Amino acid sequence: MAMQVEDTETIGAIDLSDEALISLKEATKLKALCRDGRSPHVASLYRWAAPFGCRGVRLETIRVGATLCTSEQAVLRFLERLNDPSDPTPSTRARQTKQSKLQREVTAHG
């Protein structure tokens with residue numbers, strides 16, 4: 001049975017015909033993910049691939065047997081979406097601060 005691949009124009013899809021798959025463990029060694037010469041822990045990549053992702057942005061993955069894989073291009077797209085200035089996602093602390101301020105204003109007025 002042949003494997004069907006979705007349209008490669010779809011956002012968030014790894015193009016199997018054009019991208020080399022690597023395990024999440026191998027992806028930790030990509031220079032784009034290293035900070036201060038240190039690689040992220042593989043658990044970080046699993047969290048980024050989870051449904052909630054990182055700040056709502058998911059790392060594109062595909063399961064090959066029992067191994068969760070991604071590609072270097074998918075990692076770069078993930079980093080681009082995380083750093084997209086046109087879609088600022090407020091941090092949890094920023095949301096909590098705003099909610100606290102609003103609650104104080106409501107309490108003060110009433």
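The values are calculated or read from the model by the stated rules, or taken from the named source; none is laboratory data. On a predicted model such as this, the values are computed, not experimentally measured, just so you know. Virtual Cβ from ideal backbone geometry, glycine too; neighbours counted across all protein chains shown.
Just the residues that are among the charged types (D, E, K, R), farther than 16 Å from residue 74 by Cα and loosely packed, with under 12 Cβ neighbours inside 10 Å, please, taken from segment 30-63.
35, 36, 38
Condition check ((1) in a helix (DSSP H, G or I); (2) in contact with a strand residue (DSSP E or B) (Cβ under 9 Å, 6 or more places away or on another chain)) across all residues:
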| site | (1), (2) |
| --- | --- |
| 40 | no, no |
| 44 | yes, yes |
| 59 | no, yes |
| 63 | no, yes |
| 69 | no, yes |
(Q) Looking at segment 24-38 only, could you name the residues that are under 20 Å from residue 84 (Cβ atoms) and part of a helix (DSSP H, G or I)? (A) 32, 33
Q. So residue 14 fits all but one of (1) buried (at least 16 other Cβ atoms within 10 Å of the Cβ); (2) touching an Asp or Glu at 6+ places or on another chain (Cβ under 6 Å); (3) at pLDDT 95 or above; (4) not small (Gly, Ala, Ser); what number is the exception?
A. (3)
